[in-house]
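Following: one structure in structure tokens, then a few remarks.
Computed from the coordinates by the stated procedures, all read-outs in this text should not be read as laboratory data. Just so it is clear, the model here is predicted, and its values are computed rather than measured. Every residue, glycine among them, receives a Cβ derived from its backbone with ideal geometry; neighbour counts consider all protein chains shown.
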Amino acid sequence: MTATSPTPRGRSVLLDTRQAAPGAAPSTASPPSASSMSTSPPQATALAQSATPPPSPGTAPPQATPKPTPPRRGTPPPQPKPTPPRGTAPPEIEPEGASTTERVLVGLFVGVPFLAVLAAVPLAWGSGLGWHDVVIGLVFYVVSGLGIAAGFHRYFTHGSFKAKRSLRIALAIAGSLAIEGPVLTWVADHRRHHKYSDREGDPHSPWRFGNDWKALTKGLLYAHMGWMFNPNRTSQQRFCPDLVADPDMRRISRFFPALVAVSLLLPAAIGGWWSMSWKGALTAFFWASLIRVAALHHVTWSINSVCHTFGEESFEVRDKSRNVAWLAIASFGESWHNLHHADPTCARHGALKGQIDPGARLIWALEKLGLAYDVRWPDPARLTAKQTGSAGRRLGSMTRRRPEAAPGVARSPMIDR
Ligand SMILES: [Zn+2]
Ligand SMILES: [Zn+2]
């Protein structure tokens with residue numbers, strides 16, 4: 001069955017639910033498309049046999065003609081997506097690249113908050129910044145930042161713990177408020193990053209252009225921001241079929257533009273209401289929306305650039321991932337990136353004693369509340385064996401690990417990479 005589903009970026013993609021992860025709900029919204037019929041011989045044959053007498057020898061079996069889905073008004077008719085032959089995985093890169101409009105939108109969302117940061121210093125010198133703005137900005141920074149660290153990254157991408165449905169939805173919404181793309185896009189890109197880390201196929205390796213200082217400078221810029229303008233789009237069917245099969249995640253991804261509006265306008269509304277003035281709304285919009293978004297963007301992007309170039313290699317890895325202590329608090333523990341690549345499903349990235357990891361502390365609290373369970377806390381035996389530069393250094397707290405998932409429990413093919 002093939003259904004057309006608009007992505008949050010406004011593109012339409014064809015979601016082939018036959019290829020979705022086990023447990024995907026069969027769609028009954030639209031008839032089977034020509035492409036799915038032509039690549040499903042058993043289904044096509046069964047349909048043909050029930051409708052018509054058996055064909056005479058030497059003639060091709062009749063093909064059932066699917067009823068075309070009428071195109072929505074104002075939108076071009078959907079193009080059938082070439083379906084790979086049965087038994088082969090879908091391509092890793094979507095056949096249809098990102099459009100110019102999409103890349104201009106990325107530029108706006110990257111550039112405007114960055115220009116706001118440049119303008120911030122002279123503004124702060126005067127009377128533009130009030131403590132209301134600081135409080136609102138910090139709250140939104142923490143909510144969206146933890147949504148990325150504990151939600152998009154440790155939970156959705158790597159399955160470091162399991163979550164009740166209410167928490168799953170809350171984490172997807174909180175992460176979306178960071179304006180780093182819809183959850184499906186974020187997870188697909190990040191799983192591809194782990195599959196090819198610092199090798200060809202990695203969407204954002206700073207080592208992409210070579211090892212000399214010139215190539216590395218170019219690579220750092222590319223890993224930090226440039227990669228987002230690459231028209232290649234990671235296939236969600238290939239890298240996150242588990243999330244594509246979840247109606248909640250599809251819906252939250254589809255509502256991404258609305259969540260962007262909430263993330264930008266809600267701080268202004270709160271600022272205006274709190275100070276009962278238009279000026280309060282304006283300064284809150286500037287500080288708690290634009291500056292806050294820009295700050296978190298650059299911290300997250302630093303994990304891709306800085307944490308794959310500089311820092312300490314405490315654990316054995318096949319790539320250039322490193323631990324960067326000075327980014328730990330701002331990134332909610334994400335900058336303990338060397339440990340993360342050494343043991344991607346581990347819920348605590350700052351596993352060594354003294355390494356601050358607010359993301360892990362949130363997961364710990366959620367586990368205490370009963371909202372998170374089966375948390376994959378650091379496994380001392382596994383980590384000690386991988387220690388290099390920090391050999392002999394003790395692991396921190398939260399190293400209790402529950403038994404592994406029972407054999408046969410379906411896990412995404414990518415989360416262990
Ligand atoms: Zn990761
Ligand atoms: Zn990485």
Over what distance in Å are the Cα centres of segment 270-294 and segment 126-188 separated? 19
What dipole magnitude, in Debye to the nearest 20, does segment 110-386 give about its Cα centre under +1 on Lys/Arg Cβ and -1 on Asp/Glu Cβ? 440
Below 17 Å, Cα to Cα, which lysines can LYS195 reach? Residues fewer than 8 away in the same chain don't count. LYS320
Taking 1 over the mean of 1/r across every pair of different Cα atoms in segment 153-200, what Kirkwood radius in Å do you get? 11.6
Limiting things to C-alpha atoms, what are the Rg and the maximum Cα-Cα separation (Dmax) for segment 110-386, in angstroms? 18.8, 59
